[in-house]
Amino acid sequence: MKRILLVFALLMASYTLFAGNYDGFKVSIYTKAYTVERMKDLHWLDSTWNIISGQLKVDKIYLETHRDLRIIPDATLEQAKKFFRDKGIEVGGGITYTINEMNNFETFCYSNPEHRKLVQEIAEHTAKHFDDFILDDFFFTSCKSDIEIKAKGTKSWTQYRTELMTEAGQNLVIKPAKKVNPKVKVIIKYPNWYDHFQGLGFDLKNGPQIFDGVWTGTETRDPAGSQHLQNYLSYNIIRYFENLRPGHNYGGWVDSGGANLGMDRYAEQLWLTFFAKAPEIALCAYDELIGVRLSPAQHRTPWQGQATSFDYDKMAKPINLNGTLATPTTLARVAGYTFETINAFISKLGKPVGIQSYKPHHSLGDDFLQNYLGMIGLPIEMRPEFPTGQQVVLLTEQAKYDPNIIGKIKEQLTKGGDVVITTNLLKALQDKLADICELRVPDNVLVNDFSLPFGSTGPARSSKDILIPQVLYQTNDAWETVSAGRPLEGGVSGYPIILRAPYSKGNLHVLTIPNDFGNLYEYPESTLNQIRQLLSKDVDVRIEAPAKVSLFLYDNGTFIVESFLDEPVTIQVITQPEVATLTDLVSNARLDKLPPVRPSFGGFMGMELPEGFDFSMFMPGGQGNRFRVTLPPHTYKVFHKN
């Protein structure tokens, strides 16, 4: 009995030691090798940790053992481990396999025997000290040395590198590490440029299966930067990697990039990671949390003071986290404030759901388009297999990599479902799709004027000319449901924005994507609403809003709407008819449905419609209840349907 009690006490002590600070998620810090090296100075370590812990609650820290040929000695690692464990912080390891990060992210050459030997030694060294470690972004290869050129032979660089890095992961990292420490979990962190992974050796088909788990780069930073990563990617990539191997996506990863746009942009990346239900987040990195100093002139955005989700002034108030009152001074407090804010509702959200979009392994085309679609209010759920059991399936150009894609499209249509394809996929499969519908994409055209849905009035113009692919079809075999011209009304030419082609019991729809994906944000609100209606047959909430307003859906009746606009916006949320009210999960305020609106088209086929007639079938949004929601700039609202 005494032994049982002792074991129970030890288990409880262990639980208490590593109990999480938040409800349903963990917060970690990743520490780069050169910072870990400084931790041999306990005075420096203690003073910097006081800066972080006085502003942010932390559950775990990852200590990197190698970066840029800098290997951290055993004694330094063990001293740092003890320091954090004594403070109740979990400790894991990390490796960055770079030779010189500053030299265009110079990687190892994995066919070079000397490099292979060092890669293995680093893995063994790390496994000796930690029961889990993360391979940071750079477990890929960009090396084109003479050794690699010879080893590649006649293979493409994509085939050669994916095969090489999968082999290296197994034989140089995983197996040697587990031989040293059978308990160790080896986790690969994938960065944010997922559409191009295979060209550098990241293997999303086999990698998530051979490693113990994955971490996900959710840093989107400045969307106008060199990678052009849209804000929505911070959510979408978590969902995609989770679907690669469900239950093995361990967390998201955000650095300080984008803070130059204001701390709202940094906070957005953090909460979007958790909107996707990531179980943990790693803040990269320790040095940034102490080194990025708060500056109201730089970090307080012009729209502050409008009850935004991130409130700079509240964040900057003195805080007491560890028994002493501290004034926020660094990036750490922005993270801490954000986590405290979302902690009120994150655990109340169910499993994310959305519009099913198929991306085969190692596929290219319409690069990162799903993130632009997310930014126009489409809740996207990317999958590596063709979705089944759906009323509508979204296919981008990536689907051309599936040799059986035409058969899968036909099967979806003959079951009575719809398939929406992008114009780039149409161009790629033009001849093969002719068995379903004979369509052509011969040229590009400029448009700026868009058709309105039936029953609507008013202008539907873009703020500038937009270059789109021209889709040609045979009249009455297919038909435009949304058109555009330059101009359309009073003009002489029109071109499809949405084209419908019936086949068997279903419909093939072509969605025209501008040559510059960012011009989707220039589509008029009425056009975006028609796109949302087309693609939302499998979800029970949609929005009517301008671009840069996103929707996040969950399977328990909760949902989030978020605006990425710099000014306030009023939108409408459309739900199923049985939903009478919405409850705000943060304020507990209730929203009642709006009264039905009579469409403004007057008569129908020359007849006036009687009072009491059901107009919902003619409404642009179709049947359902409507709720009006006003969103301040860069703000989300969380609701539950009642």
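Remarks
- Nearest-ten-degree value, helix 74-86 long axis tilted from longest Cα axis of the chain: 70 degrees
- Between 0 and 90 degrees, the angle of helix 331-342 with respect to the longest Cα principal axis of the chain falls at about 50 degrees.
- Quarter of Cα convex hull surface for the stretch 139-200, i.e. mean projection, nm²: 4.8 nm²
- Looking at the stretch 24-343, the pairs of alpha carbons with a distance over 29 Å make up 37% of the total.
- 3J(HN,Hα) couplings calculated from phi for the stretch 50-61 with the Karplus curve 6.51 cos²θ - 1.76 cosθ + 1.60 (θ = phi - 60°) are, in sequence order, 4, 5, 6, 5, x, 10, 8, 7, 10, 9, 8, 10 Hz; Gly and Pro show x.
- Amide H contacts of residue 135: 95, 187, 188, 189, each under 5 Å away and 5 or more positions distant or on a separate chain (H built 1.01 Å from N in the peptide plane; Pro and chain starts excluded).
- Protection proxy ranking of 21-33, 381-393 - average other beta-carbon atoms within 10 Å, highest first: 21-33, 381-393
- With viscosity 1.306 mPa s and temperature 10 °C, the Kirkwood radius over alpha carbon pairs of the chain converts through Stokes-Einstein to a diffusion coefficient of 59 µm²/s.
- Relative contact order, percent, the chain [alpha-carbon distance under 8 Å, six or more residues apart]: 10 percent
- Taking every C-alpha pair closer than 8 Å and separated by at least 6 residues, the mean separation divided by the residue count of the stretch 447-574 gives a relative contact order of 20 percent.
- Rg(Cα)/(2.2 N^0.38 Å) for the stretch 352-537, N = residue count: 0.97
- Scanning the chain for cysteines with no neighbouring cysteine C-beta under 4.7 angstrom from their C-beta gives 284, 437.
- Mean Cβ count within 10 Å, highest first, over the residues of peptides 198-211, 446-459: 198-211, 446-459
- Cβ crowding within 10 Å ranks 157, 44 as 44, 157, fewest other Cβ atoms first.
- Over the chain: helical MRE at 222 nm, DSSP H runs n ≥ 4 each giving -39500 (n - 2.57), nearest 500: -8000 deg cm²/dmol
- Take the convex hull of the alpha carbons in the stretch 288-402; its mean projected area over all directions comes to 11.3 nm².
- FRET efficiency for residue 364 and residue 572, using Cβ-Cβ distance with R0 set to 56 Å, rounded to 0.05: 0.95
- Surrounding net charge for residue 292, when Lys and Arg each add one and Asp and Glu each subtract one, Cβ distance under 12 Å: -1
- Rg and Dmax of the stretch 113-264, both derived from C-alpha coordinates alone, stand at 16.5, 49 Å.
- Likely footprinting exposure, 263, 39, fewest C-beta neighbours within 10 Å first: 39, 263
- The stretch 24-343: relative contact order in percent, alpha carbon pairs under 8 Å with at least 6 residues between: 18 percent
- A Förster radius of 41 Å combined with the Cβ-Cβ distance from residue 457 to residue 102 puts the calculated FRET efficiency at roughly 0.10.
- For the residue pairs 40/144; 81/317; 82/178; 348/408; 60/317, alpha carbon separations beyond 28 Å are given by 40/144; 81/317; 348/408.
- Modelled FRET efficiency - R0 25 Å, residue 163 with residue 388, Cβ distances, 0.05 increments: 0.25
- Nitroxide proxy distance, nm - points 7 Å out along Cα→Cβ at residue 298 and residue 79: 3.1 nm
- Table column - 3J(HN,Hα) (Hz), the stretch 408-416, Karplus curve with 6.51, -1.76, 1.60, x for Gly and Pro: 5, 5, 4, 4, 4, 6, 5, 7, x
- Nearest-ten-degree value, helix 263-275 long axis tilted from longest Cα axis of the chain: 80 degrees
- Extension gain from residue 348 to residue 145, taking 0.36 nm per residue of separation minus the Cα-Cα distance: 67.9 nm
- Placing pseudo-labels 7 Å out from each Cα toward the beta carbon at residue 415 and residue 170 gives an inter-label distance of 3.3 nm.
- Among beta bridges that DSSP assigns inside the chain, antiparallel share in %, nearest 5: 55 percent
- Measuring between their Cα centroids, the stretch 461-504 and the stretch 104-172 lie 49 Å from each other.
- Cα-based Rg of the stretch 492-542 normalised by 2.2 N^0.38 Å, two decimals: 1.30
- Set of lysines with alpha-carbon distance to residue 351 below 24 Å, sequence-local pairs under 8 removed: 26, 189, 205, 277, 359, 537, 548, 637, 641
- Antiparallel bridge percentage (DSSP; both residues within the stretch 24-343; nearest 5): 15 percent
Read-outs throughout are calculated quantities, based only on the coordinates presented, and are distinct from any laboratory measurement. This is a predicted model, so every value here is computed, not measured. So basically every Cβ, Gly included, is an ideal-geometry build from the backbone, and we count neighbours across all protein chains shown.
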